[in-house]
Amino acid sequence: MIQDILPYKLNNSYQPDAKPDEESLIVVFKDNKLLLKIDSLGGNVDFPRLKNFKGDSVPDLTYIFSVDEERFFIAEALCHNNEDLNYEIPVGYEFYNLRRIMEYELEPKRYMYAAFTAYHLAVWYNNNSFCGRCGSKVMKDMVERAVVCPKCGNKIYPRINPAVIVGVINGDRILLTKYKTGFAHNAMIAGFTEIGETMEETVTREVMEETGLRVKNLRYYKSQPWGIAGDILIGYFCDVDGDDTISIDESELKYAEWVYRDDIVLQPYDYSLTNEMMKMFKDKKYV
């Protein structure tokens, strides 16, 4: 999955006093895209470093995390599309939509994981420049990763959306879906947890809403951060309960069928929890 980057390790501890050096990796976010260098033929991805920018064209650098000894900083002023700033995009770098480049299986994988996580934080910083309670300009908290309103004291933490991925099993078959729009590959039942709902209740509700099926014997599998949508995904396997006739929600899905193990077509990359769960079932490593 995207977070499987051993022997490297992401360190997301909050360090408000961290200062960049010439080798620091710089995150620039614009129009829901990240500034990256992509070599699709060679299969490589890279972030710009501070030394790639001319002069003092990258103000307001905020440390976000490190991967081993490599430190990442968000260039907040550039992320806010400040038209008064005069900076040149480093040669060879472009703004990329992460969903568009996922299928390239780019290396090093730790940079793709960093891109997902940096995107999550960049969106949060970008969407929380002002207090939602009183409208004042917020400032960074000096103790924990949050922004705080100096006027009313409102504190805002990074938003993380809980969601489920569900592998519904029916003997030697599993329920596979395809979304009506957007993502074109095989998927499984998925959905966000609603207010006042447990994760298990989310599983049963989402399966019922999207396919009309009842489920039983819910088993937790694994979780995954998914920065593109600001999610924490929680994977479950479960069994169909009773009638296995599918009645799909046509507003969300264009396909939902019981598929035998040998017939499962996996996604073209190994980033997602969904793909790992499908592969586990296909390879008879989860029954």
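All of the numbers you see were taken from the coordinates with simple rules; none came from a lab. Keep in mind it's a predicted model, so treat the numbers as computed, not measured. A quick note on method: Cβ atoms are made from the backbone with ideal geometry, for glycine too, and the neighbour counts reach across all protein chains shown.
Here are the numbers for the structure shown:
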item: Förster-model FRET efficiency, 30 Å R0, residue 39 and residue 69, C-beta, rounded to 0.05; result: 0.80
item: Pair residue 18, residue 144: separation of 7 Å Cα→Cβ label points (nm); result: 1.9
item: Inter-label distance for residue 32 and residue 129, nm, one decimal - labels placed 7 Å from Cα along Cα-to-Cβ; result: 1.8
item: Mean separation of Cα contacts under 8 Å (6+ apart) over length of region 134-287, as relative contact order %; result: 25
item: The chain, relative contact order [Cα under 8 Å, separation at least 6], %; result: 17
item: Charge-dipole axis of the chain as Lys and Arg at +1 and Asp and Glu at -1 on Cβ define it, positive-most pick from 5, 149, 170; result: 149
item: For residue 191, distant residues with modelled amide H under 5 Å away; result: 164
item: Residue (of 208, 113, 29) at the positive-pole extreme of the chain, dipole from beta-carbon charges; result: 29
item: Spin-label proximity, residue 239 to region 248-272 - amide N less than 19 Å from point 7 Å beyond Cα toward beta carbon; result: 258-261
item: Rounded tilt (10° steps) of 199-211 against the dominant C-alpha axis of the chain; result: 60
item: For region 82-198: rounded, prolate or oblate by the Cα gyration tensor [a/c cutoff 1.5]; result: oblate
item: For region 162-177, Karplus couplings with θ = phi - 60° (6.51, -1.76, 1.60), whole Hz, Gly/Pro x; result: x, 8, 10, 10, 10, x, 8, 9, 9, x, 9, 10, 10, 7, 10, 10
item: Descending Cα extents along the principal axes, region 188-228, whole Å; result: 30, 21, 21
item: Radius ratio Rg over Rh of region 130-269, counting only Cα atoms, Kirkwood formula for Rh; result: 1.12
item: Cα-based Rg of region 1-160 normalised by 2.2 N^0.38 Å, two decimals; result: 1.05
item: Of 30/254; 37/285; 140/222; 254/284; 9/37, those spanning more than 29 Å from alpha-carbon to alpha-carbon; result: 30/254; 37/285; 140/222
